[in-house]
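Notes to accompany the following structure.
The values are calculated or read from the model by the stated rules, or taken from the named source; none is laboratory data. If you're wondering where the values come from, they're calculated on a predicted model, not measured in any experiment. Here the Cβ positions follow ideal geometry from the backbone for every residue, glycine too, while neighbour counts run over all protein chains shown. Please note that ligands, DNA and RNA were not included when accessible areas were found on the heavy atoms of the full protein model with its side chains. Shrake-Rupley method; radii C 1.70, N 1.55, O 1.52, S 1.80 Å.
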Amino acid sequence: MNQRCLAHLTAVGLSLALTGLPIARAATFTVTNTQSTGPGSLRQAIVDLNAASGNVHAIEAAEGLSGTISVSTPLPEITKPVVRITGSGRDELTLDLARVQSLVVSPPPNGLFILEDLTIANGLGVFGGCFQSLGSPILEFRRLRFVSCEARNAGPAFGGAIDASGQVRIQDSEFRE
């Protein structure tokens, strides 16, 4: 884990201590390929993250990983209180949700979810076409590109690209059709 990441996760851990959540050492899970399933996949990293002990975790793309991660079935919901997912750059790595889902997170209300350096495309959901947050954690989106995200339902639908309650910070990110 690089020093910038370690410093950020340490600061997050300190802020968690102030909220009363128990703190455990951060674990980092690395995505090493663009396959939909199996060892080194984003799906496996999410499964491992959700199963890990502790509250502060990260998923990182391996250095130089580029291409498109295409999913044909929904990814698991991310449930840990503090999670940071870092791609290899929005021009380098795309998560193609293949019109089957949006990326869903459900940390507790005082949690933190950071998503950075990635393109998320072709999401479809009733709540948030590309991203849905259940609950009201602090959300930070950095250097992202959202492409062709659609919220659709027979009744009301919410959030074309993002559906969230609580605090949302979006930095240096793009939204495209």
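Please report, largest first and rounded to whole Å, the three semi-axes of the ellipsoid equivalent to the chain, where each semi-axis is the square root of five times an eigenvalue of the C-alpha gyration tensor. If you can, show how the numbers build up before the last one.
Values: eigenvalues 112, 75, 43 Å².
Semi-axes from the Cα gyration tensor: 24, 19, 15 Å.
Of the accessible area of the chain, computed with a 1.4 Å probe over protein heavy atoms only, carbon and sulfur atoms account for 53 percent.
Pairs of Cα atoms nearer than 8 Å and 6+ residues apart set the relative contact order; for the stretch 20-100 it is 31 percent. Computed over the alpha-carbon atoms, the stretch 30-71 gives an Rg to Rh ratio of 0.98, Rh here being the Kirkwood radius from the mean inverse distance.
Taking the Cα centre of the chain as reference, the dipole from Cβ charges on Lys and Arg (+1) and Asp and Glu (-1) amounts to some 260 debye. Where only DSSP H runs of four or more residues are counted, the chain gives -5000 deg cm²/dmol as its mean residue ellipticity at 222 nm, each run worth -39500 (n - 2.57). Compactness check for the stretch 19-100: Cα Rg over 2.2 N^0.38 Å is 1.11.
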